[in-house]
Amino acid sequence: MDHCASVPPCPLWFKKRLGYSNMKCRVQFCSIIFATIVLAAFSSCSRSPDSTDVLVDRPNIVYIISDDQYYQDFGFMGNDQVITPNLDRLAEQSAFYPNGYVPSSVCRPSLATLLTGLYPHQHGIHFNHPPPGFQGLTQAPEMTKDRYDRLRETGASFIKNVDTLPRRLTQYGYRCLQTGKHWEGHWSNAGFTEGMTLSEPSGGANGDKVLPNGDVVAHGNGDAGLAIGRVTMKPIVDFLDDCGEDQPFLIWYAPFLPHTPHDSPGRYFQAYSERSVDPHRLPYYASITQFDETVGELVDMIESRGLSRKTLFVFLSDNGFEPLESNPKQYTEKSKRSPFEPGLRTPILLRWDGKISPGQREEWVSSIDLFPTILDASDIDAESPIPGLSLFPNAASYQELPVDRTLFGEIYPGDASVLGDPSIDVAYRWIRQGNLKLIVPASEEPWGNYVDRESLFDLEIDPNETNNLAGDQQYDSMKTILRASLDKWWSL
Ligand SMILES: [Ca+2]
């Protein structure tokens, strides 16, 4: 039997770590997968039902992920126009990091980083859509549902073969529920034990596409899962009721909010009737308030069950979004998808009553830190090296994070031209250290045309990233240092 016949492309982090060729990597990777399956089967046979791996005091995890929200569009971030009372309350009860980043300013790579603790060039999910890209997948006359599903499943192969948060937590007795946004096919592909996304058309208002031949397919971003928050919270209520008091759990709450369509019910618009909100921002703000209300419902589900001292809440946004004044369904050039601050920044909140000291932290942090933070809070080791830092000691007892910490990220088009080698598609890489941020395009005509040469910004004096200092001789040495750090990081 050829065990490698159905093995997906080798994950890039694996290939790079071992320095293998594609073929050798594929064979080695296959062997390890096979050995792991055998070992797992043996382990599960040998593990007793009352194994010490079954925990009694690890926290539940409630992972709340906003979809497309500008980092300042929260009451607790100083915006006095937007209505977010529930998120404001969560921030008051949390270690609150206003200076947070995501590595990539678009949904799927950003969400995959949360699931894996790896950068996109390491987990391999650098795209929203696998080849032949969104147009090819949805508009090619010869496309059928069967072929579409196979192409999407190929794109979901990476998540199946990497350590994920739900897979790791499940090994320690957790039940893990997926709701909302999920690009990796069926919920089980990422290691959840239960979920909403089935990789099949849902018939809901969002998440389905009709092919030219009339076949209906799942768009790929969550299908039935997209009903959470917008239509219902019942799957989470049922899950919590079923878990009871002692079953540890992870809830992945990633509703399709405040993402477009900004079509919230009228009461969310009416909430702004006494406020002078710019008309082009109103539908987006209404969707933020709708999202905020669901966050309040979710937090209440935990508190009303007496679980708040047994639960770690984690909050962030997967990427930024600023509505365009001339077309509010679209976003400003410097927000979503871009290598600029409005696309990459997010506040990060960590709440665990009795364990985490509420209050603002000024350190620079990244979503890459959340996988190790959650494992650390749960007293679980990562299975393989991961690049982020646990924020838990800082959140729990103000232990300092490294001074002048360096943050990194990478920007890609939504469509992959090839799987298994993100370096072919990468459009920009960025690094921030102190006040300086360097953006390096992959060519002089990169996708998106955000910058066409190395661009260095001093964010303290130039927060809007308009004055490129890369040609200024007094910055030469710093630019060289940042570029070297960026290239070293990229090779890992
Ligand atoms: Ca998003």
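Could you pull out the GluC sites (Glu not before Pro) across region 161-268 that fall in loop regions by DSSP (anything but H, G, I, E, B) with no more than 11 other Cβ atoms inside 10 Å?
Numbers: sites: Glu184, Glu194, Glu245; in loops: Glu184, Glu245.
Sparse-neighbourhood loop GluC sites (Glu not before Pro): Glu245.
What residue among Leu87, Asn394, Thr294 has its Cα farthest toward the positive end of the dipole of region 60-404, where the charges are +1 on Lys, Arg and -1 on Asp, Glu, each on the Cβ?
So the residue furthest toward the plus end is Thr294.
Which of rounded, prolate or oblate describes the chain when judged by the alpha-carbon gyration tensor and an a/c cut-off of 1.5? Numbers along the way, then the final one.
Working: a/c = 1.18, a/b = 1.05, b/c = 1.12.
Rounded, because the longest to shortest axis ratio a/c is under 1.5.
Put +1 on the Cβ of each Lys and Arg and -1 on the Cβ of each Asp and Glu in the chain; which of Ser455, Leu169, Trp252 then has its Cα farthest toward the positive end of the dipole?
Working it through, the farthest residue towards the positive pole turns out to be Leu169.
Want the number for Glu142 to Ser417: 0.36 nm per residue separation, take away the alpha-carbon distance, what's left? Working shown, then result.
On the way: separation 275, 0.36 × 275 = 99.00 nm, distance 1.93 nm.
Fully extending the segment from Glu142 to Ser417 adds 97.1 nm.
Subtract the Cα-Cα distance of Thr480 and Thr170 from 0.36 nm times their separation in residues, and report this length gain in nm to one decimal.
Working: separation 310, 0.36 × 310 = 111.60 nm, distance 4.40 nm.
Result for the pair: 107.2 nm of gain on full extension.
Express in whole angstrom the spacing between the alpha-carbon centres of region 327-353 and region 204-277.
19 Å
Going 7 Å from the Cα of Ala396 in the Cα-to-Cβ direction, what parts of region 356-380 have a backbone nitrogen less than 13 Å from that spot?
356-357, 373-380
Counting other beta carbons within 10 Å of each Cβ, put Thr116, Thr179 in order, fewest first.
Details: Thr116 26, Thr179 30.
With the sparsest Cβ surroundings first, the list reads Thr116, Thr179.
Using θ = phi - 60° and the Karplus relation 6.51 cos²θ - 1.76 cosθ + 1.60, list the HN-Hα couplings for region 400-416 in order, rounded to whole Hz, with x at every Gly or Pro.
Per-residue couplings from phi come out as 6, 7, x, 5, 6, 4, 9, 10, 9, x, 8, 10, 9, x, x, 9, 7 Hz.
Cα atoms only, region 133-262: Rg and Dmax in Å?
15.7, 53
Under a 5 Å amide H to amide H cut-off, with H placed in plane at 1.01 Å, what residues pair with His259 once short-range neighbours are removed?
Under 5 Å from the amide H of His259 lie the amide H atoms of Asp67, each far enough along the sequence or on another chain.
After finding the eigenvalues of the alpha carbon gyration tensor for region 427-490, what semi-axes result from the square roots of 5 times each, listed largest first in whole Å?
Numbers: eigenvalues 58, 43, 23 Å².
Over the Cα atoms of region 427-490, the ellipsoid semi-axes are 17, 15, 11 Å.
Ranked from highest to lowest mean number of other Cβ atoms within 10 Å per residue, what is the order of the peptides 453-465, 78-90?
Numbers: 453-465: 15.5, 78-90: 17.8.
Result, highest mean Cβ count within 10 Å first: 78-90, 453-465.
Within the chain, which complete DSSP H helices have Cα atoms spanning at least 18 Å along the helix axis and a mean Kyte-Doolittle hydropathy of 1.0 or higher?
Correct list, ordered by number: 22-46.
Which order do the peptides 468-476, 437-445, 126-134 come out in when sorted by mean C-beta neighbours inside 10 angstrom, highest first? Spell out each step's value before the answer.
Numbers: 468-476: 13.2, 437-445: 17.3, 126-134: 20.4.
The packing order, highest mean first, is 126-134, 437-445, 468-476.
Report, in whole Å, the centroid distance computed from the Cα atoms of region 378-455 and region 114-139.
16 Å
So if I place +1 on the C-beta of Lys and Arg and -1 on the C-beta of Asp and Glu, and nothing else carries charge, what would the dipole magnitude of region 60-404 be about its Cα centre? I want it in debye, nearest 20.
On the way: 28 positive and 45 negative charges, 104 e Å.
Magnitude of the dipole: close to 500 debye.
Could you list the GluC sites (Glu not before Pro) in region 380-410 that lie in coil according to DSSP, counting only those with at most 10 other Cβ atoms within 10 Å of their Cβ? Before the final figure, lay out the partial values.
Details: sites: Glu383, Glu400, Glu410; in loops: Glu383, Glu400.
Here the sparse-neighbourhood loop sites are Glu400.
Which links in Lys160/Lys437; Lys160/Lys234; Lys234/Lys355 stretch past 32 Å when you go from one Cα to the other?
Working: Lys160/Lys437 34 Å; Lys160/Lys234 28 Å; Lys234/Lys355 29 Å.
Table pairs above 32 Å Cα-Cα are Lys160/Lys437.
No value in this document is a laboratory result; all are computed from the given coordinates. Only a predicted model underlies this, so the values are computations on that prediction, with no experimental measurement involved. Neighbour counts are summed over all protein chains in view; Cβ atoms, including those assigned to glycine, are modelled from backbone coordinates with ideal geometry.
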